[in-house]
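Structure first, then comments.
The values are calculated or read from the model by the stated rules, or taken from the named source; none is laboratory data. All figures in this text were calculated on a predicted structure; none of them were measured in a lab. Heads up, the Cβs are rebuilt from the backbone with ideal geometry, glycines too, and the neighbour counts pull from every protein chain shown. The protein model used for the area step is the full one, side chains on, heavy atoms only, and it has no ligands, DNA or RNA in it. Shrake-Rupley method; radii C 1.70, N 1.55, O 1.52, S 1.80 Å.
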Amino acid sequence: ADFGTLKIGRAERPLLAFVVVLSWSRRLVARFFLGAQMPVFLTGHVRIFERLGGVPRELLYDNLKSAVLERHGDAIRFNPALLQLAAHYRFAPRACAPRRGNEKGRVERASRYLRESFFAARSFDGLDDLNAQLEAFCDGAAMDRPWPEDRTRTVRDVFEEEKPRLLPLPDEPFPCAVHTPVQVGKTPYVRFDLNDYSVPHRHVQSELIAVTEVDRVRIVD
């Protein structure tokens, strides 16, 4: 979900929310990131599963490129990184049918709920503070809202029944780093994602690998 931009130093970065809603209990979990690159997409899953304390057996996706590379009718080619993630956590990925808004209505309503009930006119001091406030909201007001199927019950009540049906977390989280070849020019710097990273002089005019995570970049030989 797109929430505009966030100023980081002199640059403006896109502010996006990775949003998951459990179809039965309507338990809502989300996290803000500065972009939607593959490390963000993978890390979003890992952080959400940890928050839920388990893994849904099936995840339904919109046809975003991070999930679906190509489809012809019912034949779907999923992104290999998503398949590796799914194998690690033992869930089945499933893609929404094109132009079937009803298949993703729950998560679209959840995104609208975040915009109107959480984000509107909110003040925050950077990304970490915003995510801390979001976590408190998802664990508080969002859990205590009425359950749509029976408004005498809360989402919190129903999630307590649903949680034991989630798959257990694996012993280790999925490694979300992405490896990208980068070229060093005549000066000992690597240009990556709008930033320059220094490297030892012996690596000028050679190819190295940028190992990128959400909050860390390593340049390796």
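The table that follows gives values for the structure above.
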read-out: Conditions (1) at pLDDT below 95; (2) within 23 Å of R51 (Cα to Cα); (3) small (G, A, S); (4) exposed (fewer than 13 other Cβ atoms within 10 Å of the Cβ); number of the one not met by A75; value: (2)
read-out: Residue in the stretch 101-113 that is of a type in the set (K, R) and under 25 Å from P39 (Cβ atoms) present; value: yes
read-out: Qualifying strands (runs of 3 or more DSSP E) (wholly inside the stretch 60-145; at least 1 residues being under 24 Å from S23 (Cβ atoms) and small (G, A, S)); value: 92-95
read-out: Hits in the stretch 158-212 - residues which are in contact (Cβ under 8 Å) with a residue 40 or more places away in the chain, surrounded by 11 or more Cβ atoms within 10 Å (Cβ to Cβ) and more than 26 Å from L22 (Cα to Cα); value: A177, V178, T212
read-out: Selection from the stretch 1-33 of residues that are open to solvent by 50 Å² or more (accessible area, probe 1.4 Å) and of a type outside the set (D, E, K, R); value: T5, I8, G9, P14, S23, W24
read-out: Check on F32, part of a strand (DSSP E or B) and modelled with pLDDT of 95 or more; value: yes
read-out: Single residue of the stretch 8-26 satisfying the filter (in a strand (DSSP E or B) and charged (D, E, K, R)) that is farthest from R145 (Cα to Cα); value: E12
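Okay, residues lined up against (1) open to solvent by less than 60 Å² (accessible area, probe 1.4 Å); (2) of a type in the set (A, V, I, L, M); (3) in contact with a Pro (Cβ under 7 Å, 6 or more places away or on another chain):
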position: R57; (1), (2), (3): no, no, no
position: L60; (1), (2), (3): no, yes, no
position: S66; (1), (2), (3): yes, no, no
position: L69; (1), (2), (3): yes, yes, no
position: A110; (1), (2), (3): yes, yes, no
position: F119; (1), (2), (3): yes, no, no
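Here's the yes/no breakdown for (1) under 16 Å from H45 (Cα atoms); (2) out of contact with any Phe, Trp or Tyr (no Cβ under 9 Å at 6 or more places or on another chain):
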residue: L60; (1), (2): yes, yes
residue: A75; (1), (2): no, yes
residue: H88; (1), (2): yes, no
residue: R106; (1), (2): no, yes
residue: L114; (1), (2): no, no
residue: F119; (1), (2): no, no
residue: D128; (1), (2): no, yes
residue: F137; (1), (2): no, no
